[in-house]
Amino acid sequence: MTDITALQDLTGKVAVVTGATRGIGRAIVQTLAEAGADVVVASRKLDACEAVAAEIHASTGRRAEPVACHVGRWDDCDRLIAETLGRLGRLDVLVNNAGMSPLYESLDAVTEELYDKTLAVNLRGPFRLGVLAGTHMADHDGGSIINIGTTGSLVASTNELPYACAKAGLNALTVGLADAFAPKVRVNAILPGPFLTDITNSWPEEAREGGFVPLGRLGRPAEIGPLALHLASAASSFTTGAIIRVDGGITRKV
C-alpha cells in the first residue's frame, strides 16, 4: 500500500499563497506549512503578512516569508515571484487565492473602475503569477498551481456578476495552464461555495446558519486546507485541469 503521509509530505518544497492573511488563504498556508513546506505569505498589507508569517513559524517551525503584493498589479506579481526565488531559492507550489467582490447597487451602476479592478485581482493577477510560476516550475523540478475560484462562476448571480465573470475566466485559465505546462506542472482549481469568512460577517444570522445548504451549514476555511494539500502534493500526481466544487452540495443541479 502507498503511504499517504509520505505522498503528502512537502518537506523541502516552497509554497506561495496569495491572500494568505485571512480566511481560506490563511487556512491553506497553515496546512501547507504543517505538511513541511516553507511558505511565502503574500497579501496587500506587509504588517498582516509579517504577523501571519510569525505565527506560522512559531506553530510549525517552518520558514515563512512575508511579502506584500497587490495581485492586481502586474509589477507586484513579477516581484512576488522574483522575491520568492531570491529568498528561498525555489518555487514548487503556487496558490492563487487572493480575490475581491466589490458591492454595487445595480448592474447599471457598475463603473469601469470597479469592473477593471475586479478583473485585475481575480483574473489578471492569477494569469501573470500562473504563467511566471508555471514557466519556472516547468524549467526546474515541476510543481503544482492551485487556483481558488468560486461556485458563483458556475451559477452567476446579479449581485456579483463582475466577480463571477472573472472567476469563470479563472476556470478557463486553469485548464489552459494545465495544458501549457504539462507534464511537469499540474494546475487545478478549487471552487468554494458559502464559507464562514469575513464576507459572511455581514450576512443575516439565518443565512449564516446555512439552512439553504444541503449539508446544513456553511463551510469552515480549515476544510479547504486538506484539499489544497492533496492538490499540492504527490498524492494527486494524476490530477490536472480539474475544477473541484466544495460547496456542501449547493450547486449539485448545475
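Bear in mind that the values in this text are calculations on the coordinates, not laboratory data. Keep in mind the model is a prediction, meaning the values are calculated, not measured. FYI the Cβ positions are ideal-geometry reconstructions off the backbone, even for glycines, and counts take in every protein chain you see.
Could you count how many residues in region 154-195 are under 25 Å from Ala15 (Cβ atoms), among the polar types (S, T, N, Q) and surrounded by fewer than 23 Cβ atoms within 10 Å (Cβ to Cβ)?
Number of matching residues: 1.
Go through region 77-116 and report how many residues are within 26 Å of Lys184 (Cα to Cα), surrounded by 13 or more Cβ atoms within 10 Å (Cβ to Cβ) and not hydroxyl-bearing (Ser, Thr, Tyr). Steps first, please.
In the first step, residues of region 77-116 are kept if they are within 26 Å of Lys184 (Cα to Cα); the result is 77-98.
From the residues that got through so far, the ones that are surrounded by 13 or more Cβ atoms within 10 Å (Cβ to Cβ) too are 77-81, 83-85, 87-88, 90-98.
So of that shortlist, the ones also not hydroxyl-bearing (Ser, Thr, Tyr) come out as 77-81, 83, 85, 87-88, 90-98.
Adding up the residues that qualify gives 18.
What's the number of the condition Gly36 fails, among (1) buried (at least 23 other Cβ atoms within 10 Å of the Cβ); (2) in contact with a Leu (Cβ under 6 Å, 6 or more places away or on another chain)?
(1)
Within the bounds of region 218-233, is there any residue that is in contact with a Ser or Thr (Cβ under 8 Å, 6 or more places away or on another chain), polar (S, T, N, Q) and within 14 Å of Val187 (Cα to Cα)?
Yes.
So Tyr104 clears everything in (1) more than 20 Å from Trp74 (Cβ to Cβ); (2) of a type in the set (Phe, Trp, Tyr); (3) within 18 Å of the chain's Cα centre (by Cα) except one condition, right? Which one?
For Tyr104, the exception is condition (3).
Say whether the condition of being assigned to a helix (DSSP H, G or I), acidic (Asp, Glu) and either out of contact with any Phe, Trp or Tyr (no Cβ under 8 Å at 6 or more places or on another chain) or under 16 Å from Gly241 (Cβ atoms) (or both) is met by at least one residue in region 178-193. I'd like the intermediate steps shown before the answer.
Going through region 178-193, the residues assigned to a helix (DSSP H, G or I) turn out to be 178-181.
Subsequent filtering for residues that are acidic (Asp, Glu) retains 179.
Cutting the leftovers down to either out of contact with any Phe, Trp or Tyr (no Cβ under 8 Å at 6 or more places or on another chain) or under 16 Å from Gly241 (Cβ atoms) (or both) gives us 179.
Yes, region 178-193 has at least one match.
Within region 198-208, identify whether any single residue is surrounded by fewer than 13 Cβ atoms within 10 Å (Cβ to Cβ), among the hydroxyl-bearing types (Ser, Thr, Tyr) and assigned to a helix (DSSP H, G or I), and answer yes or no.
Yes: one or more hits.
Quick check on this structure: which one of Val17, Val71 is in contact (Cβ under 8 Å) with a residue 60 or more places away in the chain, under 26 Å from Asn201 (Cα atoms) and aliphatic (A, V, I, L, M)?
Values: Val71 fails: in contact (Cβ under 8 Å) with a residue 60 or more places away in the chain.
Result: Val17 is the single residue among Val17, Val71 that is in contact (Cβ under 8 Å) with a residue 60 or more places away in the chain, under 26 Å from Asn201 (Cα atoms) and aliphatic (A, V, I, L, M).
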